[in-house]
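Peer 1: Below are the C-alpha cells for one structure; questions will follow.
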Amino acid sequence: MSIRSRIFGVIGGVVVAAFLQTFVVIYLEGQRTKMTADLDRTLLQFENHNRLTRLVTELESAHRGYLLSGAPESRIEFEQLWSVYERTVTLLPQYVDDRDVQRRLRELDALVRDWHDTVAVPLIEAGREASDLAGTLLRESLPRMRAIRNDLDRLDIVVRDRLTNERQQASTQYLRITLVTLAIPALAIVMLLVLVAILARILLDPLAAVAQSARLISGGDFDVTLPEPRRDEIGALVRAFEDMSSAVQRRQRDLTDALSREREVSTMYATLRSKAEHEHARLLATISTVPAALVIYDAATGRIVLQNKAAESLIGQEPEDEAARQEHWQRYVATYRDGTACPREDWGPGRALRGEVVVGQELIVNHPDGRMIPILVSAAPLVNDQQQITGAVAAFQDITKLHEVDRLKSEFVSVVSHELRTPLTSIKGALQLLLDEIELPDPDHATLMGVALSNTDRLIRIINDILDISKIEAGKLELKVKVHEPKDLVRQSVESVAPIAEANGVALEPVVPADLPSVLVDSDRTIQAMVNLLSNALKYAPPKTAVTLEGSKLDDGFVQFAVIDHGPGIPPDKLDLLFQKFQQVDGPDTRRFRGTGLGLAITKALIEMQGGEVGVRSELGRGSVFTITVPVADAPVCPPS
C-alpha cells in the first residue's frame, strides 16, 4: 500500500471523525437549547399562574372594598383589574402545552367569569343600599371565591411539580452534555497523536535517513547506506536517490572533461576576439573617414552610442549627464523647408527608433553657433533576431550647396521669366491692336495673326506659372486672406473660362446653395485655382456635355468646391502624379492638350497655403471630380481630416 493511500486513509478517518464530532456537538447543543426553551416556557407558565392568582385575589378584595366603603376609586380599581385579568387569560394558553393544564385553566376561567357576571357586577350595580348586603356576600360570593382558590391551589401544585421535574431533567441532561463535550477534544487529541505517530513511522524516519545520505553525498562521500527500498513512495525516492548518486558521479566525470574542453574553447575565443577587435578598429576608421555624418542610437536610452567625425562636427558631442544632454539638444531647432517647426522626436532618428524607415527627410537646422544648415536625413531601425528594435542608424548630409544651386536656379528662372514676360506683353498688345483695328486684306493673314496671339497668350501663361511656382518654393508668395462670398468666387471663375467652354461646345453649370457660409480666402488665388481646375475639365470634356462647379458645406468647418466633368477619366495608378510638378498623365489626348504640368501643382500649393485641401476621384470612361476645401469665415484655419 502506498504512502499516499495510507496518509489519505488516515486523513479521511480524521475528517470523518471530525464531522461526526461536529455533528454530535451540534446535536447536543440543539438538545441543550430545546431543554432551555422548555424550562423557560414552564417557568413563564408558573409566573403567569402566580400572576393569575394575584389578580383573582385583588379582584375579590377590590370588589369587597367597594361594597363596604362605596369609594369610587375602588370600583375603578375593580374594573381595571378585570381588564387585566381578561388580557392575561387570553394570552396565558399560548405558554401552556399541557392539555390537562389547559383544561384546568378553562374551568377556572369559567368559574371566575360566572362569579363576575352573577355576583360581583350585580352587587356593584345594586350598591350599598341593597338589602342584606352582608348575607349576599356570605351566600354568593365567598363560596364561589373559595372554589376558585381551591382550583388555583390545585393548578399551582401541578405547575410547581412540572417545573421541579423539568429542572431536575435539565440538570441531568446538562451534566451529560458537558461530559460529552469535554470528551470530544480529548478524543481529538488522541487521534492527532496517533496520526503524528503514524506519519513519523511511515514518512519522517525514512526521509531523515535519506537526508543524512544526501549530506554525505554533498560532501563527496558516495559510499552511503540507504534505507531498504519499500514498495511505496519512500521506496521510489530511495531508488531515485541511488540513480541520482550514480548520475552525479557520471556528471562529475563529464564536468572534468568539459572543463578541459572549455580551456581549449577559451583559448580559441581569445584569438577570435582579438581578430574581431582588429576588424572593429578598421570599421571605425572607415566610418570616421566617410564624409556623411553617421550616427548610431540605442533604443533603450535614446542616446548616441557611435558617431563619426563628420557627425561630431555637425551636431557636436552628446554630454553624458542627462540634464546637460537635454540642454544640448534643446539648442538645436529644426524646421521643414516650408518653415514649420519639426519636433526632435519627428527627426529621422526618432522615427527610426519607432520602427519607420526614413529616406531623404529634408530639414533646416538652426545650429547653436548661428548657422542655418539644410540637411538631408535618412534613418533605419536596427533589429535583433527576435525582430525587436535595439537601435537606429542615421545619416545626415549637409546640402547647403544644393540649396544654393536651387536658389540660383530660382533666381535665374525668375529673372528670365520677367525678361520674357515684358516683350511678350508688348507683342500681345501689338497683335491684339492689329487684329482689332486694322482690316487685313488677306484672310490667311488674320488667321496667322490669331495663331500668333494665342501662342503669345500661351507663353505668358507658362511664364506666369513658372513665376508662381518659383515664388511658392521660395516662400515669397503673399496671400491677402479676407472674408468672401462663395457665390462671387464661383461667378468670377465661371466668367473667366466661359469663352473656353463656348469654343469647346461644353456647358458650364454653377451650383451654389443660398445658405453656403462665407469663406476666409485670398479671392484672386482661390479663383486662380478654380480656373485651373475648370480649364483642365473643359479641355477633356466631350462636346455637348456639362462641367459643374458645385459648392457645399462640410461638417468640420469647411466649404468644398467640386469641379465635375464627364471626360475620359484618369487611371487609378496615375492619380498620385497629378499634383507633382512637370507631370502629365499619359493618354490619347495628352499631345493635343500638352502643357507645362504646373497648373495642378500650383493649385494644390495655393489652397494648402490657405489652410485648405485639394482632392480628386475619377472613374475611367465616366469622368473626374476635383475638389477644393477652404475654411469658413468663423472656423479655425486648419486642413480638414
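Peer 1: When both residues are 6+ apart or on different chains and their Cβ atoms are under 6 Å apart, which pairs have a first residue that lies in segment 53-78 and is under 11 Å from residue 120 (Cβ atoms), and a second that is open to solvent by 40 Å² or more (accessible area, probe 1.4 Å)?
Peer 2: Cβ pairs passing all conditions: 62/77; 66/75.
Peer 1: Here's a follow-up. Condition (residue is of a type in the set (D, E, K, R) and in contact with a Leu (Cβ under 8 Å, 6 or more places away or on another chain)) applied to segment 532-543: is it met by at least one residue?
Peer 2: no
Peer 1: Let me ask something additional. For residue 146, which of the numbered conditions (1) open to solvent by 40 Å² or more (accessible area, probe 1.4 Å); (2) at pLDDT below 75 fails to hold?
Peer 2: Unmet condition: (2).
Peer 1: Further question on the same structure: Do any strands (runs of 3 or more DSSP E) entirely within segment 459-522 hold 3 or more residues that are open to solvent by less than 60 Å² (accessible area, probe 1.4 Å) and within 26 Å of residue 550 (Cβ to Cβ), and if so, which?
Peer 2: 519-521
Peer 1: Still on this structure, I have one more. Looking only at residues in segment 325-346 that are within 19 Å of residue 402 (Cβ to Cβ) and of a type outside the set (Asp, Glu), which one is most open to solvent (accessible area, probe 1.4 Å)?
Peer 2: It comes out as 337.
Peer 1: Which is small (Gly, Ala, Ser) and under 30 Å from residue 405 (Cβ atoms), of 523, 470, 493?
Peer 2: 470
Peer 1: Specify which of the listed residues (132, 151, 161) is surrounded by fewer than 13 Cβ atoms within 10 Å (Cβ to Cβ) and modelled with pLDDT of 75 or more.
Peer 2: 161 is the lone residue from the list that is surrounded by fewer than 13 Cβ atoms within 10 Å (Cβ to Cβ) and modelled with pLDDT of 75 or more.
Peer 1: Being touching an Asp or Glu at 6+ places or on another chain (Cβ under 7 Å) and outside any loop (DSSP other than H, G, I, E, B) is the filter; apply it to segment 303-315 and report the residue that is modelled with the highest pLDDT.
Peer 2: 304
Peer 1: Of the residues that make up segment 508-519, is at least one under 46 Å from the mean Cα position of the chain (by Cα) and modelled with pLDDT under 85?
Peer 2: No, that holds for no residue.
Peer 1: Now for a different question. Take segment 164-195 and flag every residue that is under 60 Å from the mean Cα position of the chain (by Cα), farther than 19 Å from residue 30 by Cα and surrounded by 11 or more Cβ atoms within 10 Å (Cβ to Cβ).
Peer 2: 187, 188, 191, 192, 194, 195
Peer 1: Could you please give the count of residues in segment 554-564 that are open to solvent by 40 Å² or more (accessible area, probe 1.4 Å) and assigned to a loop (DSSP other than H, G, I, E, B)?
Peer 2: 3
Peer 1: Let me ask another. Given (1) at pLDDT below 75; (2) open to solvent by 70 Å² or more (accessible area, probe 1.4 Å); (3) more than 60 Å from the chain's Cα centre (by Cα); (4) farther than 23 Å from residue 167 by Cα, identify the lone condition not met by residue 67.
Peer 2: (2)
Peer 1: Okay, next question. Looking at segment 242-271 only, could you name the residues that are open to solvent by 100 Å² or more (accessible area, probe 1.4 Å) and over 30 Å from residue 214 (Cβ atoms)?
Peer 2: Selection gives 263, 264, 268, 269.
Peer 1: Can you tell me which residue within segment 571-608, out of those that are of a type in the set (Val, Ile, Thr) and modelled with pLDDT under 75, is farthest from residue 624 (Cα to Cα)?
Peer 2: It comes out as 596.
Peer 1: Continuing with the same structure: Within the group 300, 276, which residue is outside any helix (DSSP H, G or I), open to solvent by 50 Å² or more (accessible area, probe 1.4 Å) and among the aliphatic types (A, V, I, L, M)?
Peer 2: Only one candidate passes the filter, namely 300.
Peer 1: For segment 536-553, how many residues meet the condition of being open to solvent by 10 Å² or more (accessible area, probe 1.4 Å), at pLDDT 90 or above and under 16 Å from residue 627 (Cα atoms)?
Peer 2: The qualifying residues number 4.
Peer 1: So is residue 367 open to solvent by less than 60 Å² (accessible area, probe 1.4 Å), touching a strand residue (DSSP E or B) at 6+ places or on another chain (Cβ under 7 Å) and at pLDDT below 75 or not?
Peer 2: Against the criterion (open to solvent by less than 60 Å² (accessible area, probe 1.4 Å), touching a strand residue (DSSP E or B) at 6+ places or on another chain (Cβ under 7 Å) and at pLDDT below 75), residue 367 does not qualify.
Peer 1: Residue pairs, Cβ under 7 Å, 6 or more apart or interchain, first in segment 19-32 and under 8 Å from residue 177 (Cβ atoms), second open to solvent by less than 70 Å² (accessible area, probe 1.4 Å). List them.
Peer 2: Close Cβ pairs satisfying both conditions: 28/177; 28/180; 28/181; 31/173; 31/177; 32/174; 32/177.
Peer 1: Go through segment 515-535 and report how many residues are touching a residue at least 60 places away in the same chain (Cβ under 8 Å), closer than 16 Å to residue 627 by Cβ and of a type in the set (A, V, I, L, M, F, W, C).
Peer 2: Going through segment 515-535 one residue at a time, the tally reaches 5.
Peer 1: Please tell me if residue 370 is closer than 17 Å to residue 296 by Cβ, small (Gly, Ala, Ser) and in a loop (DSSP other than H, G, I, E, B).
Peer 2: So residue 370 does not fit the description; no.
The values are calculated or read from the model by the stated rules, or taken from the named source; none is laboratory data. Since this is a predicted model, take the numbers as computed values, not measurements. As a convention, Cβ positions derive from the backbone with ideal geometry for all residues, glycine included, and neighbour counts pool all protein chains shown. Heads up: the accessible areas ignore ligands, DNA and RNA and are worked out on the full protein's heavy atoms, side chains in. Shrake-Rupley method; radii C 1.70, N 1.55, O 1.52, S 1.80 Å.
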